[in-house]
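Each remark here refers to the structure printed beneath this line.
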Amino acid sequence: MSEAYLPFARPAIDEAMIVGVADVLRSKWIASGPHVLAFERALADYHGGRPVRVMTSATAALEIALRLADVGSGDEVIISAQTFFAAVNAIVRAGAKPVFVDCDLVTRSIDLAQVEAALSPRTKAVVPTHFPGALVDMDALYALARRHGLRVIEDAALALGSRWKGRPVGSFGDLVAFSFHPNKNITSIEGGALAVNDEREARRVEALRFHGIVRLPDGTRDVEEAGGKFNLPDVNAKLGLAQLARLDEFLAQRRRLVAHYFAHWRAEPACLLPPPLADNGCSWNMFCVLLPLSRLRITRKQFIDAMHARGIGIGISYEAAHLTTLGRRLGYREGQFPHAERIGRETVTLPLYVDMSTADVERVCAAAAEVLAQGAR
Ligand SMILES: *Cc1c(COP(=O)(O)O)cnc(C)c1O
């Protein structure tokens, strides 16, 4: 029996979404227009009325957020060494210095005690990255930021729909960046959004995502500060809006599949599993485990290849951010952030997406158990 290949992530796109996108194409109004406005209104509604503006990616949202926070040359921004490259790059591109700290081994959330210890007179902002299944203590994070006058830029690329004490991430706090890449909780093909504090910041985002342009009363245009070209097309916004309408259903299905992983995971030698499925409203964009490499004869690459041979896709999220060539050039080295480094070496992302079945989850669990048993020392 040949079974279908299970990728580690895949978007859920229904026929109505395809028809919706086709309708936008047929309308010939395909760049930013009414569907962008509708998507932004729906996102603002989801986030308790806070202003939300969409753009071409979470990476663009992070770059714009750093501009709103006036982060520039000579500033320091504290960030976990366990994060995606995007925020680190954005900090460097802003002319500032990323100051890395470690994370919790299980939740992968930024270590707030280390944030406090890394503060300097030049610290402008802190960038927590939200991982599936848990959030950093948001009350403690914002109390720390208030105490020290810091801006907070939440990298919530993976976390649309995650809740803290019942409130969606992005409906409170400071600047919050989301991604609508196909692997995330909803997709607009590529796309992202930034939740901001007020209409003044929202207008600045509108300028920064489109050449810095502001419209004058006489119908001409002015540029006050240099912007980029990050506006989201209506084609993408139409898809994003239809996806958002199904977000809560998507998140419920992800939770069901994660519960099934926890119930059926039997692999030996034991992997370090993600934080247990709690009734805390956290979204599950990925299901990542740490391989027990010290008890295996096989490498992570061999594990991934063996799973691939069984028709199962495996991802890696994320390599330790301070150990890239760029990070090393900034003076970072091995041994500084043991948790981030161990995650970087051992983590694998198992298939998890809305159209998956619980039988698929059992197939992944059985294949992983077989590969790990064969690879044990
Ligand atoms: C995917 C991701 C990003 C980048 O999102 P894009 O929309 O592709 O720019 C940033 N941060 C984290 C944590 C991510 O997982």
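Observations, loosely collected:
- Accessible-area composition of segment 47-153, carbon plus sulfur, in percent [1.4 Å probe]: 52
- The C-alpha atoms of the chain define a longest principal axis, and helix 138-148 lies at about 50 degrees to it.
- Loop-resident sites, segment 131-229, for GluC sites (Glu not before Pro), counting at most 11 other Cβ within 10 Å (DSSP): Glu224, Glu225
- Sequence-separation-based contact order of segment 144-284, relative, with Cα cut under 8 Å and 6+ spacing, percent: 23
- Accessible area in the full protein assembly, largest first, 1.4 Å probe, for Ser73, Ser80: Ser73, Ser80
- For segment 1-109, the list of trypsin sites (Lys or Arg not before Pro) that fall in a loop by DSSP and count at most 15 other C-beta atoms within 10 angstrom reads Lys28.
- Segment 24-143: mean projected area of Cα convex hull, nm²: 9.3
- Trp29/Val214 FRET efficiency (R0 22 Å; Cβ-Cβ; nearest 0.05): 0.45
- Less than 5 angstrom separates the built amide H of Arg163 from those of Val169, Cys282, Ser283, all sequence-distant by 5 or more or on a different chain.
- Beta bridges by DSSP in the chain, antiparallel share as percent, to the nearest 5: 60
- Each label was represented as a point 7 Å from its Cα along the Cα-to-Cβ direction; for Arg310 and Ala259 these points are 2.5 nm apart.
- Per-pair calculated FRET efficiency, R0 = 51 Å: Ala245 and Arg377 via Cβ, rounded to 0.05: 0.55
- Against the rule of thumb 2.2 N^0.38 Å, how large the Cα Rg of the chain comes out: 1.01
- Compactness relative to 2.2 N^0.38 Å, alpha carbon Rg of segment 171-283: 1.51
- Cα→Cβ-extended label distance, 7 Å offset, between Ala16 and Asp355, nm: 1.7
- Most positive-pole-ward Cα, Ala245, Val106, Ala193, against dipole of the chain from beta carbon charges: Val106
- Longest exposed-site-free window of the chain, the sites being chymotrypsin sites (Phe, Trp or Tyr not before Pro) in a DSSP loop that have at most 15 other C-beta atoms within 10 Å: 30-377
- Helix 15-27 axis, angle to the chain major axis (alpha carbon atoms, nearest 10°): 30
- When +1 charges are put on Lys and Arg Cβ atoms and -1 charges on Asp and Glu Cβ atoms, the dipole computed for the chain relative to its Cα centre reaches about 500 debye.
- Net dipole in debye of segment 255-360 [+1 Lys, Arg Cβ; -1 Asp, Glu Cβ; about Cα centre; nearest 20]: 320
- Distance in nm between pseudo-label sites at Asp137 and Glu370 (7 Å out along the Cβ direction from Cα): 4.5
- Computed over segment 162-210, relative contact order equals 26 percent, with contacts defined as Cα pairs under 8 Å that lie 6+ residues apart.
- Cβ crowding within 10 Å averaged over residues, with 333-343, 236-246 ranked highest first: 236-246, 333-343
- Projected over every direction and averaged, the convex hull enclosing the alpha-carbon atoms of segment 251-377 yields 8.7 nm².
- Summed over the residues of segment 260-371 and divided among them, the accessible surface reaches 43 Å² per residue at a probe radius of 1.4 Å.
- Its Kirkwood hydrodynamic radius, worked out from the mean inverse distance over all distinct Cα pairs, puts segment 72-127 at 11.3 Å.
- Relative contact order for the chain, counting Cα pairs under 8 Å that sit 6 or more residues apart, in percent: 23
- Here the calculated FRET efficiency for Asn280 and Asp70, from their Cβ-Cβ distance with R0 = 45 Å, stands at 0.85, rounded to the nearest 0.05.
- 20 °C / 1.002 mPa s Stokes-Einstein diffusion coefficient of segment 145-210, Kirkwood radius on C-alpha pairs, µm²/s: 166
The values are calculated or read from the model by the stated rules, or taken from the named source; none is laboratory data. Because the structure is a prediction, the values reported are computed rather than measured. Cβ atoms come from the backbone with ideal geometry, glycine included; neighbour counts cover every protein chain shown. Areas reflect the complete protein model, heavy atoms only, side chains present, ligands, DNA and RNA absent. Shrake-Rupley method; radii C 1.70, N 1.55, O 1.52, S 1.80 Å.
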